[in-house]
Amino acid sequence: MKPSTRGTLAALATGVAAALGAAATPATAAETVPVPVPLDGVEYSLGMEVPTLSAELPLPTPGAPDGPRYVEGRLLPDRALPQLPVSTGLPGARLRAPLPRVLGDQFDHLAVDAPAADVRALAPGLTVDAPLTAPNPDNFGLPDPKLPQAGVLTPVLQTVPGADIVMGPGL
C-alpha cells in the first residue's frame with residue numbers, strides 16, 4: 001500500500017472517529033457532571049499513597065406533563081393537575097484506596113465503583129370531579145346533583161442502583 005493511500009485512510013478514520021466522538025459527547029455530558037476530588041497535595045505532603053476519589057453529579061431534566069384527559073360523563077377533565085415527570089440520576093462515586101501488605105513493601109488495592117443510576121420520578125397530581133353529572137335528557141337536559149370527588153395521584157420513584165467492590169493486587 002502506498003504511503004499516500006495510508007495517509008488518506010488514516011485521515012478518513014480520524015475524521016470519522018472525531019465525528020462520532022463529537023456526536024456522542026453532548027449526550028453523555030448532559031447526564032452527569034464529573035467532580036474530581038484532588039488529593040495530590042495530601043499525597044505529596046505526607047509522602048504516602050492516598051486514595052483516589054471522583055464523583056458524578058446528575059443533572060435533573062424535567063419532562064412534559066401529560067395533559068388533562070377528557071372522560072365521557074364527567075364535567076371536569078380527569079387530571080386537573082397533571083403529574084410532572086423528572087428524569088435524573090443518583091450520584092455516582094469511584095474510590096480506589098491502597099492497602100499495604102503486612103509483610104513487604106508492596107501494596108494491594110480496594111476499589112469501590114458506584115456508577116450514577118438513572119432515576120425516573122413523577123410528581124403527585126390531582127384529579128377532581130364537579131358535584132354535578134353530565135346533562136340528563138330525562139331531566140329536561142339539566143344535570144343531576146352528586147357527591148363531589150377528589151383524588152391524589154401518587155408520586156412515583158423508580159431506580160436501579162448498583163455498585164462494585166473489588167480487592168486485588170497492585171495499585
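Out of the residues in segment 131-140 meeting the condition of being modelled with pLDDT of 85 or more and either under 20 Å from the mean Cα position of the chain (by Cα) or within 14 Å of L75 (Cβ to Cβ) (or both), tell me which one is surrounded by the fewest Cβ atoms within 10 Å (Cβ to Cβ). The qualifying residue surrounded by the fewest Cβ atoms within 10 Å (Cβ to Cβ) is P131.
The residues of segment 51-71 that are closer than 20 Å to L153 by Cβ and of a type in the set (D, E) amount to a single one, D66.
Criterion applied to V166, V119, V112 was being part of a strand (DSSP E or B), in contact (Cβ under 8 Å) with a residue 12 or more places away in the chain and closer than 30 Å to A80 by Cβ, and the one residue passing it is V119. If you go through segment 19-42 one residue at a time, do you hit one that is among the aliphatic types (A, V, I, L, M), under 30 Å from T154 (Cα atoms), modelled with pLDDT under 75 and out of contact with any His (no Cβ under 6 Å at 6 or more places or on another chain)? Looking for residues that are among the aliphatic types (A, V, I, L, M), under 30 Å from T154 (Cα atoms), modelled with pLDDT under 75 and out of contact with any His (no Cβ under 6 Å at 6 or more places or on another chain), one finds at least one in segment 19-42, hence yes.
Restricting attention to segment 34-44, does a residue exist that is of a type in the set (A, V, I, L, M, F, W, C) and either assigned to a helix (DSSP H, G or I) or within 30 Å of P148 (Cα to Cα) (or both)? The answer is yes, given that some residue of segment 34-44 is of a type in the set (A, V, I, L, M, F, W, C) and either assigned to a helix (DSSP H, G or I) or within 30 Å of P148 (Cα to Cα) (or both).
Answer yes or no: is there a residue in segment 127-148 that is touching a residue at least 40 places away in the same chain (Cβ under 8 Å) and under 30 Å from T32 (Cα atoms). Checked segment 127-148: no residue is touching a residue at least 40 places away in the same chain (Cβ under 8 Å) and under 30 Å from T32 (Cα atoms). Among the numbered conditions (1) assigned to a loop (DSSP other than H, G, I, E, B); (2) of a type outside the set (K, R); (3) within 36 Å of the chain's Cα centre (by Cα), the only one that V86 does not meet is (1). Of the set (1) more than 42 Å from the chain's Cα centre (by Cα); (2) at pLDDT 85 or above; (3) in a strand (DSSP E or B), all apply to A93 but (1). Test of understanding: among R101, R74, which residue is within 24 Å of I165 (Cβ to Cβ) and modelled with pLDDT under 80? Sole residue among the options that is within 24 Å of I165 (Cβ to Cβ) and modelled with pLDDT under 80: R101.
Inside segment 117-129, residues that are among the aliphatic types (A, V, I, L, M) and surrounded by fewer than 14 Cβ atoms within 10 Å (Cβ to Cβ) make up a count of 1. Residues in segment 27-74 that are among the β-branched types (V, I, T), free of Cβ contacts under 8 Å to residues at least 12 places away in the same chain and within 18 Å of G92 (Cα to Cα): how many? Total satisfying the criteria: 1. Here A150 meets the list (1) assigned to a strand (DSSP E or B); (2) surrounded by 10 or more Cβ atoms within 10 Å (Cβ to Cβ) almost entirely, failing just condition (2).
Of the set (1) surrounded by 15 or more Cβ atoms within 10 Å (Cβ to Cβ); (2) of a type outside the set (D, E); (3) at pLDDT 85 or above; (4) more than 30 Å from E49 (Cβ to Cβ), all apply to A114 but (4). Filtered by the rule that a residue be over 27 Å from P34 (Cα atoms) and out of contact with any Pro (no Cβ under 9 Å at 6 or more places or on another chain), segment 48-84 gives E72, G73, R74.
The values are calculated or read from the model by the stated rules, or taken from the named source; none is laboratory data. From a predicted model like this one, the values you see are computed outputs, not experimental measurements. In this analysis, Cβ positions are derived from the backbone assuming ideal geometry, glycine residues included, and neighbour counts consider all displayed protein chains.
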